[in-house]
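Single-structure report; data block below.
The values are calculated or read from the model by the stated rules, or taken from the named source; none is laboratory data. Just so we're clear, the structure is a prediction, and the values are computed from it rather than from any experiment. Because the Cβ atoms are built from the backbone with ideal geometry, glycine has one as well, and the counts that use them run over all protein chains shown. Just the protein is used for accessible areas: all its heavy atoms, side chains included, with ligands, DNA and RNA removed. Shrake-Rupley method; radii C 1.70, N 1.55, O 1.52, S 1.80 Å.
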Amino acid sequence: MLFFLAMSVPTIILGIFTASTDSAIIPQYNRVRLANSRKEADKLFSYVINTLLAICSVVSITFFLFPRIYIKVFAMGFSSQSLDYCERYLRIFAPVGVLHMLYSFYCAYCTIYKKNSMRVILSFSTNLIVVCALIIWHDTELMILSIAFLISELLCAVLPILQAGQTGYRHTWEIKNRDFEFCKFWKLFLPIMGGAFLNDIQQYVDKNLASNITGGISILTYASKLITVFDSILVVGIGVVLLPALSEVKNRNDSAEFKKITTKVTRMLLLFLLPCCVLLFTLSEEIISVVFGRGEFKRESINIVSLILKTYAPLIIFLPMQAVFARFFYVLEKNNIPFKLNLMSVSINVLLSILLLKFIGLPGISFATTLATLITIIVYIGVIYKKIGWNKEEINVRILLGFLILMSITIGNILVLKYFVKAKVLKIILGTFITFIIFLSGYMVIAKNDMKRIYQFVKSYIRK
């Protein structure tokens with residue numbers, strides 16, 4: 001626990017500078033590059049990097065010099081020995097915030113020029129370094145592991161910089177505080193930072209409320225793991241493809257095409273995520289039992305975590321959708337809209353969490369998060385309809401009704417399956433198979449063209 005606490009301090013504090021980095025820089029960079037030149041766009045990128053490098057470096061130095069101050073803020077009540085261990089870990093992890101900032105921005109830069117191979121490689125190789133360190137060295141104090149993690153973060157920072165150089169990037173070592181585009185960047189970036197800060201506040205409130213219930217924080221963490229991991233992977237992947245494509249369409253002033261792409265992306269999200277939501281909701285107990293049901297994870301724990309997972313299940317749709325909707329406005333450089341909606345969502349979530357906790361206990365906190373996110377999605381849809389528009393050929397009443405019918409049929413079939421089949425693993429396997437068959441069959445009727453596109457894409461990929 002001490003190791004992970006020290007590791008999380010730099011990423012939490014400096015994480016506001018790396019939240020939705022691609023959304024902050026890609027649309028503006030593309031606009032400047034097309035309106036002026038790549039040289040001017042690279043200068044803007046350099047001004048931003050130099051400023052953030054200076055800020056993050058100063059903060060990282062304070063991590064190294066005064067680690068105990070930060071540790072006491074994040075973990076009150078630790079013993080003197082525990083504080084000593086945390087200090088040592090935090091001093092090693094002090095540069096992590098700087099390195100992660102460089103990784104995030106230079107990966108975003110490479111994305112602009114469709115160079116994403118390094119991001120993929122690093123997602124595996126960095127974890128491999130840590131795993132190898134664990135296997136090779138037996139280190140009870142985890143100092144070798146800490147150094148291995150730092151080395152992996154260093155690679156994450158350096159290699160994207162080298163790849164950016166290969167694309168033709170040339171860094172300018174200066175900061176022009178009065179440059180128009182530089183000032184505009186901060187005007188666009190501050191709402192994104194504010195949104196990241198609001199999310200931190202929401203998590204803090206949820207955990208603080210849950211701390212009043214025995215094991216509450218752990219229960220919420222276990223139940224949300226499957227949601228957050230899936231959400232982070234999907235949103236990063238969509239951002240890599242979506243932002244450059246939309247920014248190009250926006251710079252051509254093709255509003256009809258912009259509207260068509262945003263609506264199509266929304267429909268594709270529903271296509272992929274609805275089956276996952278159904279599986280998580282109907283097989284929550286079986287999934288938790290198989291994934292976490294061992295060791296000290298007893299039947300009572302499985303029951304409460306699976307109940308929380310049921311209330312979280314719709315978030316597998318809502319969270320990626322909310323993140324993607326926000327990116328629509330980031331491309332249009334209307335970043336104040338996602339910030340206002342995020343503020344609304346967090347406010348509703350906090351109020352509902354406090355209220356529902358009194359009436360239904362711990363599930364009230366998770367249900368409040370899901371309900372607040374749903375309200376935000378509904379408001380987003382209205383704002384998108386007004387500011388961007390919806391393409392009715394891509395999403396209409398017929399398609400939405402078809403989705404609801406498919407969900408109802410699948411839930412009914414899985415409930416019948418659960419009644420006759422007792423083995424948990426078999427339930428998951430058969431339930432997944434049933435869900436796949438029902439949704440695939442339904443999509444061949446209500447989304448036939450999408451299935452053809454996916455088939456052609458898979459077929460061409462296999463041939464390569």
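Per this entry, LEU417 is counted among residues that are within 25 Å of ILE288 (Cβ to Cβ), of a type in the set (A, V, I, L, M, F, W, C) and open to solvent by less than 30 Å² (accessible area, probe 1.4 Å). Close Cβ contacts (under 7 Å, 6 or more residues apart or on different chains) running from residues in region 7-26 that are in contact (Cβ under 8 Å) with a residue 60 or more places away in the chain and within 25 Å of PHE329 (Cβ to Cβ) to residues that are surrounded by fewer than 20 Cβ atoms within 10 Å (Cβ to Cβ) and β-branched (Val, Ile, Thr) comprise LEU14/VAL59.
Taking first residues from region 318-346 that are within 20 Å of ALA372 (Cβ to Cβ) and partners that are of a type in the set (D, E, K, R), the Cβ contacts under 7 Å between residues at least 6 apart in sequence or on separate chains come to LEU319/ASP231; PRO320/ASP231. Checked against the criterion of being closer than 29 Å to LYS392 by Cα, part of a helix (DSSP H, G or I) and open to solvent by less than 40 Å² (accessible area, probe 1.4 Å), the candidates THR262, THR311 yield just one match: THR262. Residues that are in a helix (DSSP H, G or I) and among the β-branched types (Val, Ile, Thr) within region 17-48 comprise THR21, ILE25, ILE26, VAL32, VAL48, listed in sequence order. Of the residues making up region 131-173, those that are at pLDDT below 90, part of a loop (DSSP other than H, G, I, E, B) and not hydroxyl-bearing (Ser, Thr, Tyr) are TRP137, HIS138, ASP139, GLU141, LEU142.
Within region 314-326, the residues that satisfy the criterion of being open to solvent by 20 Å² or more (accessible area, probe 1.4 Å) and assigned to a helix (DSSP H, G or I) are PHE318, LEU319, GLN322, ALA323.
Can you tell me which residue among LYS39, LYS72 is open to solvent by 70 Å² or more (accessible area, probe 1.4 Å), modelled with pLDDT of 90 or more and either of a type in the set (Lys, Arg) or farther than 27 Å from ILE175 by Cα (or both)?
Details: LYS72 fails: modelled with pLDDT of 90 or more.
It is LYS39.
Would you say ARG178 is in a loop (DSSP other than H, G, I, E, B), more than 27 Å from the chain's Cα centre (by Cα) and touching a residue at least 60 places away in the same chain (Cβ under 8 Å)? Against the criterion (in a loop (DSSP other than H, G, I, E, B), more than 27 Å from the chain's Cα centre (by Cα) and touching a residue at least 60 places away in the same chain (Cβ under 8 Å)), ARG178 does not qualify.
Being open to solvent by 20 Å² or more (accessible area, probe 1.4 Å) and either closer than 22 Å to VAL290 by Cβ or touching a residue at least 24 places away in the same chain (Cβ under 8 Å) (or both) is the filter here; which residues of region 428-451 pass it? It would help to see each step written out before you state the result.
The initial filter retains those residues of region 428-451 that are open to solvent by 20 Å² or more (accessible area, probe 1.4 Å), namely 428-430, 432-434, 436-438, 440-441, 444-446, 448-449, 451.
Across region 428-451, the qualifying residues are ILE428, ILE429, LEU430, THR432, PHE433, ILE434, PHE436, ILE437, ILE438, VAL445, ILE446.
Can you confirm whether LEU404 is free of Cβ contacts under 8 Å to residues at least 60 places away in the same chain and in contact with a Gly (Cβ under 7 Å, 6 or more places away or on another chain)? Reasoning before the result, please.
Values: free of Cβ contacts under 8 Å to residues at least 60 places away in the same chain: yes; in contact with a Gly (Cβ under 7 Å, 6 or more places away or on another chain): no.
Considered against the rule, which asks whether it is free of Cβ contacts under 8 Å to residues at least 60 places away in the same chain and in contact with a Gly (Cβ under 7 Å, 6 or more places away or on another chain), LEU404 comes out as no.
Residues that are free of Cβ contacts under 8 Å to residues at least 60 places away in the same chain, over 16 Å from ALA157 (Cα atoms), assigned to a helix (DSSP H, G or I) and of a type outside the set (A, V, I, L, M): does region 49-56 have at least one? For region 49-56, residues free of Cβ contacts under 8 Å to residues at least 60 places away in the same chain, over 16 Å from ALA157 (Cα atoms), assigned to a helix (DSSP H, G or I) and of a type outside the set (A, V, I, L, M): absent.
Going residue by residue through region 95-107, is there one that turns out to be open to solvent by 40 Å² or more (accessible area, probe 1.4 Å), under 30 Å from SER247 (Cβ atoms) and either at pLDDT below 75 or β-branched (Val, Ile, Thr) (or both)? Checking region 95-107: not a single residue is open to solvent by 40 Å² or more (accessible area, probe 1.4 Å), under 30 Å from SER247 (Cβ atoms) and either at pLDDT below 75 or β-branched (Val, Ile, Thr) (or both). Please pick out the residue among LYS392, LYS386, LYS422 that is of a type in the set (Lys, Arg), open to solvent by 30 Å² or more (accessible area, probe 1.4 Å) and either in a helix (DSSP H, G or I) or modelled with pLDDT of 95 or more (or both). Only one candidate passes the filter, namely LYS386.
For region 341-351, the condition holds for at least one residue, the condition being that it is open to solvent by 30 Å² or more (accessible area, probe 1.4 Å) and hydroxyl-bearing (Ser, Thr, Tyr). Could you please let me know if GLY412 is among the small types (Gly, Ala, Ser), more than 24 Å from PHE197 (Cα to Cα), part of a helix (DSSP H, G or I) and in contact with a helix residue (DSSP H, G or I) (Cβ under 7 Å, 6 or more places away or on another chain)? Answer is no for this residue. Within region 266-293, if we keep just the residues that are of a type in the set (A, V, I, L, M) and under 22 Å from ILE381 (Cα atoms), the residue that is most open to solvent (accessible area, probe 1.4 Å) turns out to be MET268. Restricting ILE360, ILE411, ILE302, ILE381 to those that are open to solvent by 20 Å² or more (accessible area, probe 1.4 Å), modelled with pLDDT under 90 and touching a Phe, Trp or Tyr at 6+ places or on another chain (Cβ under 9 Å) reduces the list to ILE360.
Within region 327-340, if we keep just the residues that are open to solvent by less than 40 Å² (accessible area, probe 1.4 Å) and charged (D, E, K, R), the residue that is farthest from SER224 (Cα to Cα) turns out to be GLU333.
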